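Inspection log for the structure reproduced underneath, given as structure tokens.
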Amino acid sequence: MLNVITTPVTPVANGATEITDVSFKANWNTSNGSTSYMLTVPGKSTYTTSNTSYTVSGLNPNSNYSYTVKGKNNWGESGSSNSIAVSTVSGPPTLNDATNITQTSFQANWNASAQATGYYLDVSVNSNFTVMVSGYNNRNVGNVTTFSVTGLSAGTNYYFRLRAYNANGTSSN
């Protein structure tokens, strides 16, 4: 019996998922003969993993990246996969102090994020956002820089945070 040892088959890279302002998840198909994979993001780094996906972080908001993948085993490396282009989303908006504060409402204010097409607003009764105010959990407020938060209880402290979004995905808070 003859045992033939070969390098892995070239993997096929798939589109990125979970794209934020500072990261994306690179994805690819299993490659026959691979025991690990080398993900290359030009200008960034090469990462080694045994999985068929890898989250690349430490990126710049609103920037363009690409990636390729090679399969690897004890006998060598495959060729490089197809290249996938990825654009990170806008950075998060900069919050400003609330204004027009009454017993049951306030106006949330922020500065626009470059390339944002809208914003998601969260309002909570605690600073770690574990208890959300009804109707204000990931509320799409559109492409504005102020929003009136109403229906609140008098004598309660409230916290707000925002995320910018566009066609590429959603920013961090």
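The relative contact order of the stretch 109-173, computed from alpha carbon pairs under 8 Å that lie at least 6 residues apart in sequence, is 41 percent. Estimated from the Cβ-Cβ distance and a Förster radius of 35 angstrom, the FRET efficiency linking S172 and N73 is about 0.45.
Normalised Debye scattering of the stretch 88-173 at q = 0.21 Å⁻¹ gives log10 I(q)/I(0) of -0.95, counting only Cα atoms as equal scatterers and leaving out solvent.
Using the 1.4 Å probe convention, the accessible area of the chain works out to 53 Å² per residue with neighbouring protein chains retained. Using a probe radius of 1.4 angstrom, the carbon and sulfur fraction of the accessible surface of the stretch 1-151 is 46%.
The convex hull built on the alpha-carbon positions of the chain has an orientation-averaged projected area of 12.5 nm². Projected over all directions and averaged, the alpha-carbon convex hull of the stretch 28-93 occupies 4.7 nm². Loop-located chymotrypsin sites (Phe, Trp or Tyr not before Pro) in the stretch 46-108 (DSSP state other than H, G, I, E, B) with a sparse environment of at most 11 neighbouring Cβ atoms within 10 Å: W75. Based on Cα contacts under 8 Å between residues 6+ apart, the chain shows a relative contact order of 22 percent.
Taking the Cα centre of the stretch 1-134 as origin and assigning +1 to Lys and Arg Cβ atoms and -1 to Asp and Glu Cβ atoms, the resulting dipole is close to 420 debye. Compactness of the stretch 5-61 is given as radius of gyration and Dmax, 12.3, 44 Å, from Cα positions. Modelled label positions at N100 and N64, each set 7 Å beyond Cα in the direction of Cβ, lie 4.0 nm from each other. Looking at the chain as a GNM with Cα springs under 10 Å, which of S57, S87, S153 has the largest mean-square fluctuation? Checking each option, the largest mean-square fluctuation is seen for S153. Taking other residues whose beta carbon is less than 12 angstrom from the beta carbon of M132, and scoring Lys, Arg as +1 and Asp, Glu as -1, yields +1.
The values are calculated or read from the model by the stated rules, or taken from the named source; none is laboratory data. What you are looking at is a predicted structure, and each value in this text was computed from that prediction instead of being measured. Cβ: placed from backbone, ideal geometry, glycine included. Neighbour counts: every protein chain shown. Note: areas computed on protein heavy atoms with side chains; ligands, DNA, RNA excluded. Shrake-Rupley method; radii C 1.70, N 1.55, O 1.52, S 1.80 Å.
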